[in-house]
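Structure, as structure tokens:
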Amino acid sequence: MGRDLGRAAALHRSAAAVVAALNQVDAASVGRPTGSDQHEVAEQLRSLAARLAPGWWGAPLDAQTPAMPMGGLDHVGYLRIGIAQPLDDARFPVVVPFLGSGHLTLDGDVRDRRVAGLLRAVLLRLLAAVPPQRLSVRTVDGVGTAGEDVLGPFRPLIAAGVLRPAATDVTGLRAALAEAEQWIRPARPAVARHHRQGRFMLLMIASLPELTDGAVLDRIARLAQVGPEHGLHLAVAGWPPPPLDTEQARADLPRSTMVRLRNPYVLVGDPPGDTFRDLPAGAGGDHRSGLDAPVYLDRQPPQQLIDQVCAELVTRAEAGSRPPLTDLLPDPADGTVTEAAAGGLVAAAGFDGHRPVLLRFNDITPHWLVAGQAGAEVDQFLTTILYGLAVRHDPAEVTVHLVDLSPGESFTSVLPGVTDPSGLPHIASAGVDADPEYGLSVLRQLAAEVDRRAFLATRNGTTRFTELAATTGTTRVLCVVKDPAPMLDRTGPVADESLDLLERIARGGRGSGVHLLIADSGTGPAPGSEQSIGPDESDGSGGWVGSGGWAGPDPADGGWWRRESLLSQFPVRVVLAGGDWLLEPNNDAAVGLPAGRAVVNTAGGLGGPRGATRGHERTVDFPDPYTDRPGLAGLRRQLWSRRAADARPPQVFAGYRQPELESDETYQRVLADPPDTPAGLFGRAVELPGRTAEFRFERAPGRHLAIFGSRESTADLLTTVVRSVAAHHRPGSARILLLSMGEHDRRQLAGLARAVDGRQPTEVVDLEVLRTLGDAAGPAYLVIATADVLELGGPAAARLRNLLDSGPARGIHLLSGWEQPEPFLAFLGPSPDLIAGIVLLDRPVTDQAEPVESAGSAGPARPAGLAGRLPAWRPRPQRGLLYDAQTDRRTVFVPFQPAGSGTDTGEGAA
């Protein structure tokens, strides 16, 4: 309230000063003033000018310093344009009403150095006096060239995104006029809210471009007539323009102070709605109206002063003058949905000046690509889009899937959390820190949905999605894939299938309402680093190398974006700082983009002539939604409250989090009601829909399990499997037999015994147990924690192989841990099908022959594919591969936490 009272007081003082100035000028102009009278009036006008136009509004710029506070003054409205000199030794500043009152017009254009200097002085005063968030500037210079136009001295502001480059052709002029027309007649409520009291738009026309026709001139005149009430003000040079053909001469611009050039002075006409003096009868020519004194226009400000002001404005822009997210959104308080999803999904990408730029997912622009450099900007933009969609569309009409393959947490502002269960109700699933296999599973579902919709369209005779939605009630689907390089930039089955599915979805989704948004934030490591896999090293497993990340993309060497048949399906390109590879090579629109600014191109990255206005391309300022986290949380809760009563929360896969066996739904279900077929549970499958990775111990040949990895990792997983197997049987109904190998597995067996926790009878046995199990009945499980050290020659090996062959039919199964695959394959010999369940942890298996390192020296080469018996696998932190040889199904999973850890230990690497 204090601020409002201060502003009201300032406006009152300005109004009083205006009245006083008019009274004194009228009194001084009675009769023909003498020289002493004119000296006295000049002195009074100097004093009044300082009161009407204080600080940056009226101070001499050639003597000004940046010490004058910038952007902190209340609205003043009067603007200095020069010095009047009625006598050689009598001078006073000429101030004219501008903001809130009228316009400024000069009959010569920027080719006159005096006009150029004044326009730059006016621009500098406004930029320095008006806070940046309250002023939008659009410029037109039909005779200027890039860097040499009216904005030439202000290049730092263009580079920083504070000012937009001047339009240089009639197309650009028309676009600027369209913006001004929308400023005074906003088409959407969201824009109307962005028009707050005290916001202004300056349209500066330094020279009219060639081919400016009468219709364009009429639009300028109409804007001048109605602009001041809406905060729109014009500074037009070269008005009135020469008549076109037989056209009559144009009248002065309405509601404008007219400046007519003479040499070396100018004549200043009457201000809008008032006059400087009474007209004598019959007066004409240059003295028919206006100020009765020659005026010398303010010269161009010193470049040092311009540079200092520009530097301060750039600093403020970088410090956070980005628009708030709420200004881009319709007001959600009324609970209404503003857009029907059947016609397309709508979201605002940012502001082009004062005007929000709306983008759509529809048949014409079905898919988007977004790119930027490493950092938070891509997340900020995606969050802006997701909230824009959520506010505008009913959750019943839109289904959103999120996939982020970059490391760490993401999408936290749109998903339910531990302390805040709210999220955007449109989201059905999310994969955070996801694996390539998770992304592949999502693409498989989307491709199946595209096929299903194509079938429905054929059956119902529809050709457009709007028709299909009206006939079948089908909703739109949006899949956001962030940082897809780990899934796409490798050779191997995962990458090959993912690329094929993406292209299939992109082509079929256009008319079926299935849309893609692929965003790249450049988070992968540089090619050639020790984490990279070249084509000659790829094992086709879609995995990581060692404990590092995945190989990052390199536009020079190729990548998924080099697949032109895929990229051609993405007409919308949104380029943030560092993402200009999305545009065509000759399109430099994104060069030097600052933070918070993006180039939106709806023609597949197509450029155009340098400096020309491009209808398919806009530069926008987008919000940082995280600057107001409480407000964002409140909006999220408000949207969450609109979900249907039977709506389910999204399925969230968090790749950085190890699940707990006790919290697993499958484990809890079998504890309450053990099923007929027991199974071993390993962890959460890396796929959608989410499920528990399990291996069923059916009474069929081969239903045994072998786990490969370091001794610690195999012991942890064996413990989990034994606990889950014990839970699949009613208490006391199954035997757990722990085969002791002496000192080699004493600690592991103790942990296994504790894991069963008395639910099933547990016994530590030796090799003699193989004799009794030959004809025993199950259910029973023989557990060998360190199978590598078994001396399996002679009768013991024969008895164990016989048990593998005949045991499953009697409910007896083997669970074994191995450090190396060679002893395992040697044991199986000619009968590789005796064990169908294979789990690979932190030991690599490749398809290529490679040396086996032993004691620091290279050993004999491993056979390619280990005799074709084991699947290829490269270890990843907290990941395993479950392979069922009988169904040829591969499942990557996140193992359950080791028993008793209670935390994400990250252990398992030898």
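Quick notes
- Each part gets one Cα centre, and for segment 465-524 versus segment 61-120 those centres are 56 Å apart.
- Backbone amide hydrogens, once placed in the peptide plane, bring PHE708 within less than 5 Å of TRP818, VAL839, LEU840, LEU841, excluding anything fewer than 5 places away on its chain.
- Segment GLU503-THR338, length gained on full extension (0.36 nm per residue, minus Cα span): 56.2 nm
- DSSP beta bridges confined to segment 324-464 are antiparallel in about 65 percent of cases.
- FRET efficiency estimate (nearest 0.05) - Cβ-Cβ, GLN668 to ARG134, R0 60 angstrom: 0.55
- Computed from phi, the 3J(HN,Hα) profile of segment 230-235 under the Karplus parametrisation 6.51, -1.76, 1.60 (θ = phi - 60°) reads 10, x, 9, 9, 10, 10 Hz, with x in place of Gly and Pro.
- Scaled against the 2.2 N^0.38 Å expected of a compact globular protein of N residues, the Cα radius of gyration of segment 602-745 reads 1.80.
- Extension reserve of the THR491-TYR296 stretch, reckoned as 0.36 nm per residue once the Cα distance is removed: 62.9 nm
- Separation of alpha-carbon centers, segment 703-734 and segment 368-439, rounded to whole Å: 36
- Karplus-derived 3J(HN,Hα), 6.51/-1.76/1.60, for each residue of segment 160-173, Hz, glycine and proline x: 8, x, 6, 10, 8, x, 5, 6, 10, 9, 5, 5, x, 4
- Cβ-Cβ FRET estimate between VAL226 and ASP274, R0 fixed at 22 Å, reported to 0.05: 0.70
- Between ASP420 and ALA809, the modelled label-to-label distance comes to 6.2 nm, taking each label 7 Å out from Cα in the direction of the beta carbon.
- Paramagnetic label reach from GLN651 (point 7 Å along Cα→Cβ; backbone nitrogen cut-off under 13 Å): within segment 439-475, residues 439-446.
- A crude spin-label estimate for the pair ALA215 and ARG563, with each label 7 Å from Cα along the Cβ direction, gives 4.6 nm.
- Nitroxide proxy distance, nm - points 7 Å out along Cα→Cβ at ARG444 and ALA178: 4.6
- Prolate/oblate/rounded label for segment 402-516 (Cα gyration tensor, a/c 1.5): oblate
- The stretch between ALA251 and THR627, if pulled fully straight at 0.36 nm per residue, gains 130.4 nm over its current Cα-Cα span.
- The share of accessible area on segment 603-685 that comes from carbon and sulfur is 47 percent, using a 1.4 angstrom probe.
- Rounded if a/c under 1.5, otherwise prolate or oblate - segment 71-134, Cα gyration tensor axes: oblate
- If R0 is 60 Å, the Cβ-Cβ spacing of THR458 and ALA796 corresponds to a FRET efficiency of close to 0.40.
- Three-way shape label, segment 37-145, alpha-carbon gyration tensor, a/c 1.5: oblate
The values are calculated or read from the model by the stated rules, or taken from the named source; none is laboratory data. Predicted, not measured: the structure shown is a model, and the values here were computed from it. In this analysis, Cβ positions are derived from the backbone assuming ideal geometry, glycine residues included, and neighbour counts consider all displayed protein chains. The area values use the complete protein model at the heavy-atom level, side chains included, leaving out ligands, DNA and RNA. Shrake-Rupley method; radii C 1.70, N 1.55, O 1.52, S 1.80 Å.
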